[in-house]
Structures are given as structure tokens and as C-alpha cells.
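The values are calculated or read from the model by the stated rules, or taken from the named source; none is laboratory data. Note that the structure is predicted; figures quoted are calculated from it, not measured. Because the Cβ atoms are built from the backbone with ideal geometry, glycine has one as well, and the counts that use them run over all protein chains shown. The accessibility values were calculated without ligands, DNA or RNA, using every heavy atom of the protein model including side chains. Shrake-Rupley method; radii C 1.70, N 1.55, O 1.52, S 1.80 Å.
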Amino acid sequence: MNKELTREERADALGGMGCKRKRVEDARFTQGKGNYVDDIKLPGMLQGDFVRSPYAHAKIVSIDASAALALDGVVAVLTAEDLAPLGLHWMPTLAGDKQMVLADGKVLFQGQEVAFVVAKDRYIAADAVELVEVEYEELPVLTDPFAAMESDVVLREDLLGEGGSLPDGAHGPRKHHNHIFTWEVGEKDATEQVLQEADVVAEEMVYYHRTHPCPLETCGCVASMDKVNGKLTLHGTFQAPHAIRTVVSLISGIEEHNIRVISPDIGGGFGNKVGAYPGYVCSVVASIVTGVPVKWVEDRMENLMTTAFARDYWMKGKISATKEGKITGLWCHTTADHGGFDACADPTKFPAGFMNICTGSYDIPTAYLAVDGVYTNKAPGGVSYRCSFRVTEAAYFIERMIEILAIELNMDAAELRRINFIKKEQFPYQSALGWEYDSGDYHTAWDKALKAVDYDGLRAEQAQRVEDYKAGKTRKLMGIGLTHFTEIVGAGPVKNCDILGLGMFDSCEIRIHPTGSAIARLGTISQGQGHATTFAQILATEIGLPADSITIEEGDTDTAPYGLGTYGSRSTPVAGAATAMAGRKIRAKAQMIAAYLLEVHDDDVEFDVDRFVVKGAPEKFKTMKEIAFAAYNQAIPGIEPGLEAVSYYDPPNMTYPFGAYVCVMDIDVDTGVTEIRRFYALDDCGTRINPMIIEGQVHGGLTEALAVALGQEIAYDDMGNVKTGTLMDFFLPTAWEVPNYETDHTVTPSPHHPIGAKGVGESPHVGGVPCFSNAVNDAFRAFGLRHTHMPHDHWRIWKTANGLGLHG
Amino acid sequence: MIPAAFEYYRPKDMAGVLSVLQEHGDDARVLAGGHSLIPMMKLRMAEVPHLIDLQDVEGLGGISVDGDTVRIGAMTTQHDIIDNAALAAAAPIMREASLQIADPQVRYMGTVGGNVANGDPGNDMPGLMQCLDATFTLVGPDGERTVEARDFYEAAYMTDREDDEILTAVSFKAPKGGYAYEKQKRKIGDYATAAAAVLITKTDGKCSAASIAMTNLSDTPIWSEAAAEALVGTSLDDAAIAAAVAAMLGDIDPTDDNRGPVEFKRHAASIILRRAIETAWSRA
């Protein structure tokens, strides 16, 4: 006979929340058995490929596809002219603008889609692309948003009104023909007055350069139109499959029940796979036209050059304080370079995302933010690269401004932060720019971080290094990068968060099988985050069945409940909450069944890990497994058979993860080479579901932060040519470049989330970028540097050192 | 990144290689490790209707160290170089440089022959070969000939090799004295921002001979005779090193790219050379 397990042993056996459960996904990924879009091969499938513009701004004079069409194996060549009768030569963007699917008379960025070739195989398609003759007439190129706002050159003639007037855009009045919107938050006059009266004001232009999420798997899809039953199946690399289904329905006119969108395994998204791209529309049209499936998968250069970029924010800032260092006001004006079309992926009411979290972790009484979006001859996008809607920009801005203010005040930057943190007792905290921070304990985290790295010791060592440098004993400087970030994730409450009118709730549907195993389906989609592992852990704890007996399924719109997908660290805050709530519905019904089976009143049983027990008589119980069987197979008066639940969760608020990071860096003044000696990351993501997955997320996010801070960029020359279109020049760190990370945590649960979890996938990126950058800037503080722009690659660091006269 | 169609050949001997080369002239190219050629074909920047894979050709691999003569077959990989104890003893600079080429996966495929014959100014081996005063063996329809590494490079991707010739081996005298291969790069897998190969012989506390070559700082590798001469006869004091660096700066001609502007590259080149000289001298 089996020995009776203790309560703890029963809890351990479930593999629920808090345990380091191994990722169930990894068996297939580590054996090459994943199933990605490019693995999908349907009978008779054709391949699509784009003719793309070599010019950043040009008129299309003519397109001659005759030679391409004459090539054996070429089935069709689509141009805007072919799509126009269907109204599909343009498509709506997520930001309320519209974007050309195929060049309609002109092109606005290098790499823009001009024609779509459909052929019997990928090689023939690529050959045919070369045979399409396009005649261009070059137009003046605008790559600088400030110049664009002054220029007579009109990029978007389609947005001009009669007689060249400027009708309002999706976000209100436009000031210039290359202007997209102005977004203002906070109190302008009051802030300016505070700045005027302040003891000290620090002012700086902080540029967050253009970069790219660069997932290992590029974007792609397979569209398959079944003309017999009228159903369209669209496999694709979609971070939001349900939203894609709705958008495809709205654009194409195909009824939504006739569209099935499937996101198979996805090899990283980081925001790049949120938007809708011309490749998707062209594949769908091509499948409708040809009657067979059509695949389109972009290559690495196409991915870097044309699908959604990130950042490109020029943030002019002013921060004021008393001479003791108490911050009194923050002012920011951002010029946002959106490229040729406004295809930013932000909730509709937030054209600059959550940039208004830019007061950061600090109690700043008065603040003002204005953002001007501008068109240029660059690729569209503006997605949240491993962050929640421009939170990375906001965190970088405030964490740089704090450092600059510390210089202005001649104060230690750690101490300046400490005296300005929002205090624990101030939560929930109303920020000057409109957010209600749900919870936080910044001082505890900060003190723990500084103690862990021996902050005072580091500063003493740094001071000695400066002396040694001045004495000619070393050519290496030491930088200490500090960051305390506050994120805002989990978009979001439907009352203020929607994308194209789609409310940003999420969902979970659970079916318990008679033998006590289960399947749960969610509206989200994992791209590597490990949802199949962690969501099963939430359920294991909530419903008392082992995580190993729970299948998690996502990404098929025919089977999963509707949800807005995975980005902006929203899966755990929103879908994770839905999962817990659905689990509680299961438990509520299980309680009634248990009470019936135990012949007591409903209120006389209570949940205990994996069972319901009679209160006060724990030897009388029914396990969840027994209850599941009874739910299906025993006639229980007044209770329907079956054990299923669905929950649609509309979060009452965002969640606000935070963290304290410290980076110690050595910098070779002569070569500009940086070496990260130490990186300490303390994250507070509330309740921790799987510490191992959290650690993995932190490592990944920090590595992408290192990339962005130290070299990763999408750079253009004056002609609008992309200079960083391959991985030779676009910096993707390898194990060699990545330092050792020390991870740590505090736990401040979210008060409004059912399990107190806040989300973590993006925190390390949001906090990591300013931390690396602050380390570089800090190394030169003793030599008079206030601020130098990212990316901090070798030559730019050398230039900074050179400008400070450090090369003799 | 889909290449145009090409014919693929995999001959077993040199005669097979030469017959395809003769038949198709500059429409044919030989393939060694493929790290330069295959990406160029995928980008459709190189059109190669006839591709001759050298993998099965007998006699193109192997490292021999015979007395002070080193001979390395063209198909020898960088991994083979790193792994060869006799070579590491005879010419440790080969191992030091090879370890700085990309990553292990690349080095398992990348070959000496491909690296030196392609004429890419970013490759590390050409400068190294010039520093070592190596000789290249070329085989063509008229038989075998040799050419000095220091005479081989004409411009980026332009060399003394004729279209119907293939480079079969490199050979050099085992260097004496101190050595160093110093390279600054942005990341693993990148070409050099600046790299320097330095050999120095010390006799009675003074430099009796030196050789210096720089990589990726002009459209060919730069063997800087003047830089070496500035060291000979000195005890490598600051003035001598400064003179060598100044002489090197007179020979290089870097261009702007994503690694940085010319001004930075010249600065990096001078730092890298100075460090290489100091390391080589410390080992001399």
C-alpha cells in the first residue's frame, strides 16, 4: 500500500507555481522537431517573392513583368494595378494610417514591396524577381525627421486634402505635410513654470537610435484558399493570431468564420511579428487567384530592411530639482521617426505607446510630454522590441536624465535615485502623466542591489582608476551603470486599451477530461516564452491536477478562445489571469461535486492542494481526479455533466514590474572596446511562476539590451540606403560577447492580479539598455562627459574619448 | 538570398578541375570552404554558372613541416591549422591568427586556400602570408608556377591568379623570434577593424629583423616594409615603435564603413600595431 503523502509532497507532485519545472517545449526544439511556418508544405503549394525598390523615394514610371511571366514555372506577377480592383493595394495599419501593399505609383523606402512574383518553387520565384523590369524616377530623399518637418518635399501625397490642405490624421491635426500627429500628456504650463523657478535644471537631447527586433525566424505565412468550401486557412508567424483573423476579415470581406488563422511554432517575435505585412495580403490574394496554397517567407535582409523596426526617438528632455536633489518637474519633447507609413503597434489611444511612463520610478509632481510623429523615407514599423509600447524609450530617457541631473547637482546618482523614489506607502501611486502604479517597493530593491555589488567599494575602485589613468598607469576607464526601471505591462484594460477597436482582454478555456487530465487553450501565442510550461503550472496550483497532465494549446483560431496575443509582456498579466480565473470556475464546480460525493454541504468542504476535504476531517476527501471522473460519469442532481470553464479577463489595471540593475564595465580609451566585468539584475515581477523560466527571460532580455546599447542599429545613409542589412553589420550577440549575469529578485505581488504576477519577459530589456548605456557614460563622467548617444560601438566610444581630449 | 542556378562539379583530380576551368573561363569558380563565395552567390553579387567543389580533389590538403620549410595545402582548414602541433611549434603565429578567425563552426570549413586566393581585404591570411613572406603555388593548364604573397594582391578581389588557375598551396620558412597577431573586431565573425601581423628577431638585445603586415586597412593587405625597417637596429624604445607606427600609417589607406570613419581606423591601426609589436618583442 502506498504511503500517505504529506501535504508538501502532494504539492510538489503537482509541479505548480513556484517550481523550476523544465520546459515541456524543449524536447522538440532541441531535437529539431519544431514546426515552423517554413516547415509547412501543402500539396500544390506555390512560392511568393517580392520585387523590392532599390530607392528610398522614387516615382514608379512603369513595371514590365513580361520577361518574368515568360519564365517557365512563373504563375503570376501581382502589382498594385492587380490589387486595386479588390481594394487591396493599400491596407490599414495598426496606427490608423494606411500602407501600400504594393507600390502605388511611388515608393517611400528602400526595400518597399513593388511586385509579388508567384512561382512553382522558391528558386524560380527569385529568378523571376530579377526579370521584372521597373523604371523608377528618383525623388529627393528625407532621412532626418527634423529636416522632414521643414522640407517642401511631400512624402505622402495621398494624405493631402483639396488644394494641398492638411486634413486631420488618425490622431488629430497635422502641422506639416510630413507630420503625422502630436500627442500631449500632462501639464505644459505648470511644468514650464516649475522649470523656470527651479534651483537646478538639466537639459539634454537623448537619441534612442533605430534598431530592429531581429527574431531568429523571419516573418512568413502560408495562405490556402479552399474554393470548394470557401474557407481561408492562413498559417503565419503571428504574435496575435485572433487579431489577424479579424483584420483579414475586415480587409478582405471574407466572413470571419471562414478564416482560420494558425500560428505554429514561432522562432522569436520581440514585436516584429505583431503587425500585418504586405507579404500576408499578397499571399492571400495569390492563393485566391491561383486556387492553391501560396507560401511567402522573407529572408534575413528583407526582415531587417522592411518589416517592423523599433525605436528611432529623439527625446529632448528637461528635468528640474531643488539643490538638495528633490526632483520638481520633468519635460519631454519627442520627435518620432516613423518612416514612410505610420505602422506603429500601439493601443489606439496611445500613438506614442506608453511613453508617458517616462516619470519612471520617481515621485515627480509635475510633468509634461509631447510627441510629434514624422514621416521619412525609412521603413515603417515602430514596434515594441521586447518591451511594452515604447516603455524602453521612456525608461532610457528617464534613466539618462537622472544621471545627467546627478552631474548637474554634483551628486551620486544612486543617492539621487533613492531620495526621489516613490515610497512603498505611496502605492497605488498616481503619476503626473496619468498612470496608477499598482504596487512597488523600490527602496528595498535598490538597497539590496547596491549591497550585493558593494556599491561604495565600486565607487572607491573607480576613483582610484581615474587617478591611475591620470597618472598614466592605465588606459582603461571603469564605468558603473545604474538603473532602476519601472515598466508598465499587461495591456490592458479595455476601457482605455484597444488596437483597431479590438479590446485588449485575453482568455482561457479549460476542459478537464474524465480521467483527470486537461487541455487549456488561450488567446495568446508563445514565441519561445514557455507558455506550455508556465500556464500549466498556474493551473496545477489552481485546480489541483499535475502540470504534466495539462496540455496547453494556443495559436489556432478555430479552437482557441479569442484573445489579443502575446507582446508587451501581456501573456501572464492578462491571459495568465484568465487562466487562474477559469481554473477557479472549475474549482467552484468541483467543490459542489465533492460535497455531493462526500455527502456534506458545499460550504463544508475546502480545497486542499489536489483535493477537497471535509472541514475538520481531512481523512474524508475526494481528489480532483476522482471529482473529474464523477463530473462526467455520475448523475448528480442539479449539476450538469462535464467539467469545463472559460474566462475572458479584462484587467482592471496594468501591472508595474520593476528592477534594480548594476553594470560594471571597463573601457579601453584607445580602441573603444568595452568589457562587461559584472552585471547584476534584480527583478521584481510579483509572484514568480517558474524561477528557471524567469532567469532565462532575464538572460535573453539582457542580451538583447547589450546588443542595442553596444552596437545594434538600423543605419541609413543620406540616400536612404540601409547600411546594416545583414548580420555582418547588424549586431546579434553570440555567447562570446555575452557576459555572465547575476540574477536576483524581490517579490511585490500585484494587488489586482488573481495570482499577483506582473510579467517579466521584457523587464530585462527595458532596464538593461539604460544600464549598459549609463555604464559607458559614467566611465567618462570624471572627464566632463554629460551624455553620449547609443549605440556605444567601438568607434563612437573612441570618438567620445577623443572629444574629451583623452588621446593626448 | 536565393542563388541563381548553377552547374555543380565535384572532380576527383586536378585534371578534372582544370578541364572545367578551361572550358568555362571566368564563368567557372572553384569552391573551397565557401564562406566568401556562397554568400556572394546567395546575394546574387557573384554569378557563378559553373561551380567546382574542390573537396574530393586529391592532394590539396595537408600540412608538412620539413626542417624549416612549412607547406600548407590549399584545402587545409583553419581548424586543421589550430590543431597541428608541428605547425604550432614551427610557426605559432599561424595558430594565433587562426584562432581569431570567426568561430569554430566557420573554422571547420574555412580553408587557407580560399582565404588567401579570394583577395578579400577583410581576410586575415593574406596579410599573415605577406608577413611570413610566403610563396603561393598556382596550377594552371601550363603547369605549376609560384608567386610571392607580397606580389599577389592587386586590388580588392583582384589577384595575380589567372581565371584558369587554382591556388594549391602556400609555403614559407618557419619564422624565427617573436611573433604576434593582434586583431580588433566588433564581434565574433566580423572582419578586422584593424589587424596586425608582426614578426621580430632579436639579436643581442636589438631588433635584427622584422616583418609587419596589416589587414583590412586598404583594398589589399599591406606589408609595410618601412614600418619594419624603423624597428631594425633599435632596442624597440618608444621612439622606434612610434616611427614604425608612423611608417605603417603612411602605407595604409582605410575607408569609412560601419566599423568607423577613417580617422578612427587609423587610430585603431596604430594602437593594434603598437600592441602587436610589444607582444612580439616580449616573445623575441
Practice problem: Please name which of A:ALA578, A:GLN591, A:ILE552 has its Cα lying farthest along the dipole of segment A:549-594 towards the positive end, using unit charges on Cβ (Lys, Arg +1; Asp, Glu -1) and the Cα centre as origin. | Solution: A:GLN591
Quiz item: Got a sec? Charge dipole of the protein assembly as shown, +1 on Cβ for Lys and Arg, -1 for Asp and Glu; which of A:TRP795, A:GLY329, A:TYR123 is way out at the positive end?
Solution: A:GLY329
Quiz item: With all protein chains present, how much of the accessible area of segment A:333-478 (probe radius 1.4 Å) comes from carbon and sulfur, to the nearest whole percent?
Solution: 49 percent
Exercise. Would you be so kind as to identify which of A:LEU433, A:GLY481, A:SER507 lies farthest towards the positive end of the dipole of segment A:431-515, taking Lys and Arg as +1 and Asp and Glu as -1 on Cβ and the Cα centre as origin?
Key: A:GLY481
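Can you give the FRET efficiency for B:ASP66 and B:ALA209, using 1/(1 + (r/R0)^6), R0 = 22 Å, r = Cβ-Cβ distance, to the nearest 0.05?
Efficiency, rounded to the nearest 0.05: 0.50.
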Self-check item: Candidate lysines for bridging to B:LYS185, where Cα separation is under 16 Å - those fewer than 8 sequence places away on the same chain excluded
Solution: B:LYS265
Practice problem: Return, ordered by residue number, the residues of segment B:130-156 whose backbone nitrogen is under 12 Å from a label point located 7 Å along Cα→Cβ of B:ASP257. | Solution: B:156
Practice problem: Search the structure for amide H atoms under 5 Å from the amide H of A:ILE552, placed 1.01 Å from N in the peptide plane, and list their residues when 5 or more places away or on another chain. | Solution: A:ALA520
Practice problem: May I ask you to give the solvent-accessible area per residue for chain A, in square angstrom, as obtained with a 1.4 angstrom probe? | Solution: 35 Å²
Quiz prompt | Nonlocal amide H pairs with A:THR237, under 5 Å, H built at 1.01 Å | solution = A:GLY220
Quiz prompt | Spatial separation of Cα centroids for segment A:610-653 and segment B:15-33, in angstrom | solution = 75 Å
Quiz prompt | Charged-residue dipole, Cβ positions (Lys, Arg, Asp, Glu), the protein assembly as shown about Cα centre, Debye nearest 20 | solution = 2700 debye
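According to the square roots a ≥ b ≥ c of the eigenvalues of the Cα gyration tensor, what is the shape class of segment A:360-429, taking rounded for a/c under 1.5, prolate for a/b larger than b/c otherwise, and oblate for the remainder?
Because a/c hits 1.5 or more and a/b exceeds b/c, segment A:360-429 counts as prolate.
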Quiz item: What Kirkwood hydrodynamic radius do you get for the protein assembly as shown when you take the inverse of the mean 1/r over all pairs of distinct Cα atoms, in Å?
Solution: 32.0 Å
Quiz item: Which parts of segment A:715-730, residue by residue, lose 20 Å² or more of accessible area when the rest of the protein chains are there, as against the chain isolated (1.4 Å probe)?
Solution: A:LYS723, A:MET728, A:ASP729
Quiz item: Under the classification rounded if a/c is under 1.5, otherwise prolate if a/b is larger than b/c and oblate if not, where does segment A:372-473 fall, given a ≥ b ≥ c as square roots of the Cα gyration tensor eigenvalues?
Solution: oblate
Quiz item: Got a sec? Which residues of segment A:96-144 lose 20 Å² or more of accessible surface with every protein chain in place, vs. that chain alone, 1.4 Å probe?
Solution: A:ARG122, A:TYR123, A:ALA126, A:ASP127, A:GLU130
Quiz item: What is the distance, in nm, between label points placed 7 Å from the Cα along the Cα-to-Cβ direction at B:LEU43 and at A:GLU324?
Solution: 6.0 nm
Quiz item: Simple spin-label model, 7 Å along Cα-to-Cβ: B:MET1 to A:GLN464 in nm?
Solution: 4.7 nm
Self-check item: Exposure of A:VAL698 as accessible area (Å², to 10), given a probe of 1.4 Å and all protein chains
Solution: 0 Å²
Practice problem: Return the aspartates and glutamates within reach of A:LYS615: Cα separation strictly under 17 angstrom, same-chain partners fewer than 8 residues apart disregarded; answer none if there are no such residues. | Solution: A:GLU599, A:ASP602, A:ASP603, A:ASP604, A:GLU606
Quiz item: Say R0 is 60 Å: what FRET efficiency, to the nearest 0.05, do B:VAL232 and A:ASP717 get from their beta-carbon distance?
Solution: 0.85
Quiz prompt | Pair A:THR726, B:ALA15: separation of 7 Å Cα→Cβ label points (nm) | solution = 3.8 nm
Exercise. Enter the accessible area of A:VAL494 (Å², nearest 10), with the probe set to 1.4 Å and all protein chains included.
Key: 50 Å²
Quiz prompt | Residue among B:LYS187, B:LYS12, B:LYS176 with the largest mean-square fluctuation in a Gaussian network model of chain B, springs linking Cα atoms under 10 Å | solution = B:LYS187
Self-check item: Dipole magnitude (debye, nearest 20) for segment A:377-430, charges at Cβ of Lys, Arg, Asp, Glu
Solution: 300 debye
Quiz item: Taking the Cβ-Cβ separation of B:LYS173 and B:ASP142 as r and a Förster radius of 30 Å, what is the calculated FRET efficiency to the nearest 0.05?
Solution: 0.65
Quiz item: Once amide H atoms are placed 1.01 Å from N in the peptide plane, what residues at a sequence separation of 5 or more from A:ARG677, or on another chain, have their amide H within under 5 Å of its amide H?
Solution: A:VAL664, A:MET665, A:ASP666
Exercise. Give, ordered by residue number, each residue of segment B:228-275 whose 1.4 Å probe accessible area is reduced by a minimum of 40 Å² on adding the remaining protein chains to the chain alone.
Key: B:ASN258, B:PHE264, B:HIS267, B:ARG275
Self-check item: Accessible area per residue, Å², segment B:63-173 with all protein chains present, probe 1.4 Å
Solution: 38 Å²
Self-check item: Of A:LYS473/B:LYS183; A:LYS295/A:LYS758; A:LYS349/A:LYS585; A:LYS33/A:LYS295; A:LYS41/A:LYS227; A:LYS98/A:LYS295, pairs whose Cα-Cα distance is over 26 Å
Solution: A:LYS295/A:LYS758; A:LYS349/A:LYS585
Self-check item: Under 17 Å from A:LYS476, Cα to Cα: lysines that are on another chain or at least 8 residues apart
Solution: A:LYS799
Practice problem: Take the solvent-accessible surface of the protein heavy atoms, probe 1.4 Å, and return the percent of it on segment B:135-284 that carbon and sulfur atoms account for. | Solution: 45 percent
Practice problem: Determine the share of segment B:7-53's accessible area contributed by carbon and sulfur atoms, expressed in whole percent, with a 1.4 angstrom probe. | Solution: 51 percent
Quiz item: Where the centre of each part is set by its Cα atoms, how far does segment A:473-531 sit from segment B:109-137, in angstrom?
Solution: 50 Å
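Could you compute how much accessible area chains B and A hide from each other, both sides summed, with a 1.4 Å probe? Nearest 100 Å² is fine.
2300 Å²
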Practice problem: May I ask for the longest run of chain A untouched by GluC sites (Glu not before Pro) that are loop-located per DSSP and have at most 15 neighbouring C-beta atoms (other than their own) within 10 Å? | Solution: A:325-598
Quiz prompt | Shape category assigned to segment A:314-395 from the gyration tensor of Cα positions, a/c cut at 1.5 | solution = prolate
